[in-house]
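The values are calculated or read from the model by the stated rules, or taken from the named source; none is laboratory data. Since we're looking at a predicted model, the values are computed, not measured. Every residue, glycine among them, receives a Cβ derived from its backbone with ideal geometry; neighbour counts consider all protein chains shown. Areas reflect the complete protein model, heavy atoms only, side chains present, ligands, DNA and RNA absent. Shrake-Rupley method; radii C 1.70, N 1.55, O 1.52, S 1.80 Å.
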Amino acid sequence: MDHAADAHRTDLMTMTRYVLNEQSKHPESRGDFTILLSHIVLGCKFVCSAVNKAGLANIIGLAGETNVQGEEQKKLDVLSNEVFIKALVSSGRTCILVSEEDEEATFVETSKRGRYCVVFDPLDGSSNIDCGVSIGTIFGIYMVNDSHEPTLDEVLQPGKNMLAAGYCMYGSSCTFVLSTGSGVHGFTLDPSLGEFILTHPDIKIPKKGKIYSVNEGNAKNWDGPTTKYVEKCKFPEDGSSPKSLRYIGSMVADVHRTLLYGGVFLYPGDKKSPNGKLRVLYEVFPMSFLMEQAGGQAFTGKQRALDLVPKKIHERSPIFLGSYDDVEEIKALYAAEEKKE
């Protein structure tokens with residue numbers, strides 16, 4: 001028997017242990033943030049289980065039917081939303097929740113109120129469920145200034161004020177990627193333990209990548225800099241190899257690949273959607289936060305993404321994020337365009 005290997009296997013850095021270790025570095029901490037995160041993790045485990053069963057739903061009668069209690073079975077994205085809202089409210093640590101699924105923000109009742117705002121997309125890419133493509137949950141956490149009488153302004157803050165951000169990807173394995181402002185760490189769910197185990201400590205994105213990721217179907221509506229950049233990816237002027245195109249169409253999966261392998265993910269604004277399609281609070285900000293923490297960059301075409309100040313909770317913004325040098329090239333093309341004007 002290989003005792004050394006067995007010892008290694010039994011000394012697992014679980015998500016709970018990691019978060020408690022982080023907490024112990026802040027003696028003033030009351031453990032509120034740890035409790036909040038554990039509720040988010042629980043929500044992700046629940047959704048992971050539901051997503052895994054989704055393909056069987058029609059055969060074993062889960063979707064769109066009435067269950068024993070007389071409740072109609074819900075679509076996965078609606079179900080995921082309810083799971084997260086309930087998990088976050090019951091943590092007793094949140095005061096405002098903003099979900100992609102709900103038009104209005106949720107203000108938590110006074111008795112269950114805490115110091116944090118959570119912005120989230122409960123199931124990003126849910127239209128891909130039926131074809132088995134990876135989908136995920138994205139979230140960001142802010143601290144409020146006044147938890148007694150919180151207002152929407154507490155949420156409409158620039159992304160640089162976020163305390164933490166992350167996503168959970170439901171794919172071939174269930175992967176939870178988190179940053180609390182000191183690097184990015186990836187955890188993988190061990191189904192036999194029901195625990196997330198640290199598998200990707202301190203993720204750093206390569207300085208330059210060989211992949212670009214964009215929906216080229218929108219090319220005819222792109223602006224000049226985006227068109228020029230994609231042209232350079234395909235036909236490099238310096239004689240180097242062209243970049244490979246990889247586009248899944250599920251933001252969590254595309255960003256996850258970009259984070260691990262490098263390259264650039266872009267969802268630019270175009271003539272049809274001048275502000276792009278991705279929402280600032282719970283898509284652009286969390287992913288930009290993670291990219292910067294991993295040594296990459298995130299840019300809107302006008303400014304650093306995390307400096308953006310949203311005016312509405314479902315506001316959209318163009319986004320270019322990924323390897324530092326690749327985003328630098330895109331910034332140079334936008335700067336040149338501005339000079340011309």
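Residues in region 198-222 that are touching a Phe, Trp or Tyr at 6+ places or on another chain (Cβ under 6 Å) and farther than 29 Å from residue 270 by Cβ: 198 alone. For region 83-99, the count of residues that are over 21 Å from residue 149 (Cβ atoms) and modelled with pLDDT under 95 is zero. Scanning region 221-234 for any residue that is outside any loop (DSSP other than H, G, I, E, B) and of a type in the set (Gly, Ala, Ser) turns up at least one such residue.
So how many residues does region 217-245 have that are touching a residue at least 12 places away in the same chain (Cβ under 8 Å) and either under 19 Å from residue 272 (Cα atoms) or surrounded by fewer than 17 Cβ atoms within 10 Å (Cβ to Cβ) (or both)? Give the steps one after another, and end with the answer.
Start the filter on region 217-245 by keeping residues that are touching a residue at least 12 places away in the same chain (Cβ under 8 Å), which leaves 218, 221-226, 228-230, 232-233, 241, 243-245.
Narrowing the set further to residues that are either under 19 Å from residue 272 (Cα atoms) or surrounded by fewer than 17 Cβ atoms within 10 Å (Cβ to Cβ) (or both) leaves 218, 221-226, 228, 230, 241, 244-245.
Residues in region 217-245 being touching a residue at least 12 places away in the same chain (Cβ under 8 Å) and either under 19 Å from residue 272 (Cα atoms) or surrounded by fewer than 17 Cβ atoms within 10 Å (Cβ to Cβ) (or both): 12 in total.
I'm checking my understanding of the structure. Among residues of region 18-40 that are more than 23 Å from residue 200 (Cβ to Cβ) and either of a type in the set (Ser, Thr, Tyr) or open to solvent by less than 30 Å² (accessible area, probe 1.4 Å) (or both), which one is nearest to the chain's Cα centre (by Cα)? Only one residue fits best here, namely 32. Here residue 260 meets each of (1) assigned to a loop (DSSP other than H, G, I, E, B); (2) open to solvent by 50 Å² or more (accessible area, probe 1.4 Å) with one exception, condition (1). Residues in region 106-120 that are under 19 Å from residue 282 (Cα atoms) and either out of contact with any Leu (no Cβ under 8 Å at 6 or more places or on another chain) or surrounded by fewer than 20 Cβ atoms within 10 Å (Cβ to Cβ) (or both): 106, 107, 115.
Given the conditions (1) among the acidic types (Asp, Glu); (2) crowded, with 19+ Cβ neighbours inside 10 Å; (3) over 24 Å from residue 168 (Cβ atoms); (4) modelled with pLDDT of 95 or more, report the number of the one that residue 292 does not fulfil. Result: residue 292 passes all but (3).
The residues in region 312-341 that are farther than 21 Å from residue 294 by Cα and either buried (at least 16 other Cβ atoms within 10 Å of the Cβ) or of a type outside the set (Gly, Ala, Ser) (or both) can be counted, and the count is 13. Of all the listed residues (133, 177), the sole one being open to solvent by 10 Å² or more (accessible area, probe 1.4 Å) and β-branched (Val, Ile, Thr) is 133.
With the condition kept exactly as written, say whether any residue in region 300-312 is part of a strand (DSSP E or B) and modelled with pLDDT under 95. Full working, then the answer.
Of all residues in region 300-312, those part of a strand (DSSP E or B) come to 304.
From what is left, the residues that are modelled with pLDDT under 95 are none.
The answer is no; no qualifying residue exists.
Does residue 184 satisfy being surrounded by 17 or more Cβ atoms within 10 Å (Cβ to Cβ), in contact with an Asp or Glu (Cβ under 9 Å, 6 or more places away or on another chain) and aliphatic (A, V, I, L, M)? Taking the combined requirement at face value, the residue satisfies it. Checked against (1) open to solvent by 10 Å² or more (accessible area, probe 1.4 Å); (2) modelled with pLDDT of 95 or more, residue 153 passes all but condition (2).
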